[in-house]
Amino acid sequence: MRVLKFAILGLLYRQVYSGYDITSQFKKEIGQFWSAKHSQIYPELRKLVDEGLLHFRTQIQGEKLEKKMYTITEAGRKELLAWAISPEPLPETEKDAFMLKMYFIHTLSKEEAKTLFQDQLQQRQDKLVYLQQQYDDLIPVFGTENTADAMYFDHPHLGHYLVLTKAIAREQSYVVWLEQQMKLFL
């Protein structure tokens, strides 16, 4: 299944974007749970146009720069909505190179393993700080300190709230696990 297809359709369901704008979105909110590179996005945009799920208009910027602005078609909306309501099986095991290294930890010295853990812990803590800042920036959008009071199903930022709180929980859990395992190196 081409999940990138649905990520792009979902972005364009919200608003009109250029390819550059779409790529930028993968570095922002969507990057908390899905990644895609420039080299993947542009070929997918061409496929979606060829399939009749998107269309574009060329916009001139400055004197010569042409920029394609993509819009989802009615067929694209229908395909996105059909995908969105379909049951989702559990994903295959998520790739985690750090966990693979941990599986083979017996190949390392205690100091080498400790260094890997410390590095991973610092990276996860840094990511948690970043995600918490994103959350703190999102809360004023709801107009109240208590998001439960302001939350309603059709709120335009509900999806970002759900994804962000899941990302925070994931990183908190990873940090707790790393801190617990660091006891092996005392």
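The values are calculated or read from the model by the stated rules, or taken from the named source; none is laboratory data. Not measured: the values here are computed from a predicted model. Reconstructed Cβ throughout: ideal geometry from the backbone, glycine too, with neighbour counts over all protein chains shown. Note: areas computed on protein heavy atoms with side chains; ligands, DNA, RNA excluded. Shrake-Rupley method; radii C 1.70, N 1.55, O 1.52, S 1.80 Å.
Of all the helices (runs of 4 or more DSSP H) wholly in segment 83-186, which have at least 3 residues that are open to solvent by less than 90 Å² (accessible area, probe 1.4 Å) and aliphatic (A, V, I, L, M)? Steps first, answer last, please.
Values: elements: 97-103, 110-138, 147-150, 158-181.
So the answer is 97-103, 110-138, 158-181.
For a quick check of your reading of the model, give me the residue pairs whose first member lies in segment 153-169 and is under 18 Å from residue 7 (Cβ atoms), whose second is outside any helix (DSSP H, G or I), with beta-carbon atoms closer than 6 Å and at least 6 apart or on different chains.
160/29; 163/33
For (1) modelled with pLDDT of 90 or more; (2) open to solvent by 40 Å² or more (accessible area, probe 1.4 Å); (3) within 25 Å of residue 74 (Cβ to Cβ), each residue gets a yes or a no:
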| position | (1), (2), (3) |
| --- | --- |
| 19 | yes, no, yes |
| 39 | yes, yes, no |
| 42 | yes, yes, yes |
| 48 | yes, no, yes |
| 54 | yes, no, yes |
| 58 | yes, yes, yes |
| 61 | no, yes, no |
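State the number of residues belonging to segment 1-60 that are within 22 Å of residue 165 (Cβ to Cβ) and of a type outside the set (Phe, Trp, Tyr).
So the count comes out to 13.
Does at least one position in segment 20-30 carry a residue that is touching a His at 6+ places or on another chain (Cβ under 8 Å) and among the acidic types (Asp, Glu)?
Here is the first cut: in segment 20-30, the ones touching a His at 6+ places or on another chain (Cβ under 8 Å) are 23, 29.
Imposing the further condition that a residue be among the acidic types (Asp, Glu) reduces the set to 29.
Within segment 20-30, one or more residues are touching a His at 6+ places or on another chain (Cβ under 8 Å) and among the acidic types (Asp, Glu).
Looking at 79, 63, which one is closer than 29 Å to residue 166 by Cβ and of a type outside the set (S, T, N, Q)? Spell out how you get there, then give the answer.
Working: 63 fails: closer than 29 Å to residue 166 by Cβ.
After applying the criteria, what remains is 79.
With the requirement that a residue be in a helix (DSSP H, G or I), without any contact (Cβ under 8 Å) to a residue 24 or more places away in the chain and within 25 Å of residue 128 (Cβ to Cβ), what does segment 31-65 give you?
Initially, segment 31-65 is screened for residues in a helix (DSSP H, G or I), giving 31-32, 38-50.
In the following step, the residues that additionally are without any contact (Cβ under 8 Å) to a residue 24 or more places away in the chain were identified as 31, 38-39, 42-43, 46, 49-50.
Within segment 31-65, just 31 meets the criteria.
I'd like to verify a number: residues in segment 11-29 that are out of contact with any Gly (no Cβ under 9 Å at 6 or more places or on another chain) and touching a residue at least 40 places away in the same chain (Cβ under 8 Å), how many?
If we filter segment 11-29 for residues that are out of contact with any Gly (no Cβ under 9 Å at 6 or more places or on another chain), which is where we start, we get 11, 14-24, 26-28.
This time we only want the ones that are touching a residue at least 40 places away in the same chain (Cβ under 8 Å), so: 16-20, 22.
Residues meeting the conditions: 6.
Since residue 73 meets every condition but one in (1) of a type in the set (Ser, Thr, Tyr); (2) open to solvent by less than 100 Å² (accessible area, probe 1.4 Å); (3) over 17 Å from residue 19 (Cα atoms), which condition does it not meet?
Here residue 73 clears every test but (3).
For segment 143-186, name all the residues that are within 18 Å of the chain's Cα centre (by Cα) and at pLDDT below 80.
If the condition is that a residue be within 18 Å of the chain's Cα centre (by Cα) and at pLDDT below 80, then 156, 157 are the ones that fit.
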